[in-house]
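What follows is a set of notes on a single structure, which appears directly below.
The values are calculated or read from the model by the stated rules, or taken from the named source; none is laboratory data. These numbers come from a predicted model, not from an experiment. Note: ideal-geometry Cβ built from the backbone for every residue, glycine included; neighbour counts use all protein chains shown.
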Amino acid sequence: MSKSKKKKKGGYKPPVQTAQDIVDAIVEVADKIYATDEPGPLWGELHKAFLKSDVDKQVAAKIIMHKDIQELRTVVAQLQTSGQVELQETEVTELPTLDHETQIEAMRCFRKRVKFIKLDRESKLGVGPLSGGKEAKVESMMAPHDYPMEVWLALARDGLLVDDGGGFFHSP
């Protein structure tokens with residue numbers, strides 16, 4: 001008979017990182033991003049470094065989502081000097097006034113995209129009328145790239161759409 005062996009508890013424990021180590025990691029990844037023309041996967045590394053730091057999650061998300069190198073330079077400089085990051089208020093740009101034809105065409109484009117998304121979701125297994133599934137609902141969606149973001153924001157200002165933030169909109 002063989003003896004049963006018990007597994008030892010424990011395992012690899014990474015060394016504890018200090019706040020300065022985390023800042024150094026952010027600076028290192030930021031330097032790589034500045035140096036390359038195609039920093040695609042480096043933004044993921046930067047996001048992981050930001051998650052370990054004390055940087056406000058909204059500031060980090062804004063930098064990562066928009067891949068904003070200028071804002072990244074500002075945050076890195078603040079981290080290196082004081083260790084505290086302050087969100088700077090950006091100036092609000094004046095939204096254009098849309099003519100009636102542009103409003104109609106943009107809303108037609110938005111409704112068409114909602115219809116396609118709904119049809120795509122309903123075509124999945126378990127949602128159709130023969131399977132006894134439920135009707136697909138589209139809560140919110142990213143604005144189509146057919147028009148610039150200023151058009152969608154102007155439509156939200158006029159009350160034709162509701163801005164959910166982050167480029168997502170839904171019908172009122």
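Laid out as a table, the results:
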quantity: Yes/no for VAL138 being modelled with pLDDT of 85 or more, over 30 Å from GLU71 (Cα atoms), touching a His at 6+ places or on another chain (Cβ under 9 Å) and surrounded by 10 or more Cβ atoms within 10 Å (Cβ to Cβ); calculated: no
quantity: Filtered residue count, the stretch 60-84, keeping only those that are more than 11 Å from the chain's Cα centre (by Cα) and in a helix (DSSP H, G or I); calculated: 13
quantity: Output for the stretch 30-58, where each listed residue is in contact (Cβ under 8 Å) with a residue 24 or more places away in the chain, within 18 Å of ALA19 (Cα to Cα) and assigned to a helix (DSSP H, G or I); calculated: ALA30, LEU46, ALA49, PHE50, LYS52
quantity: Matching option when the condition is modelled with pLDDT under 85, farther than 30 Å from THR18 by Cα and surrounded by fewer than 16 Cβ atoms within 10 Å (Cβ to Cβ), among SER82, SER123, SER171; calculated: SER123
quantity: Where ASP68 falls short, out of the listed (1) more than 23 Å from GLY166 (Cβ to Cβ); (2) surrounded by fewer than 14 Cβ atoms within 10 Å (Cβ to Cβ); (3) of a type outside the set (Lys, Arg); calculated: (1)
quantity: Residue within the stretch 4-25 that is modelled with pLDDT of 85 or more and among the polar types (S, T, N, Q) present; calculated: no
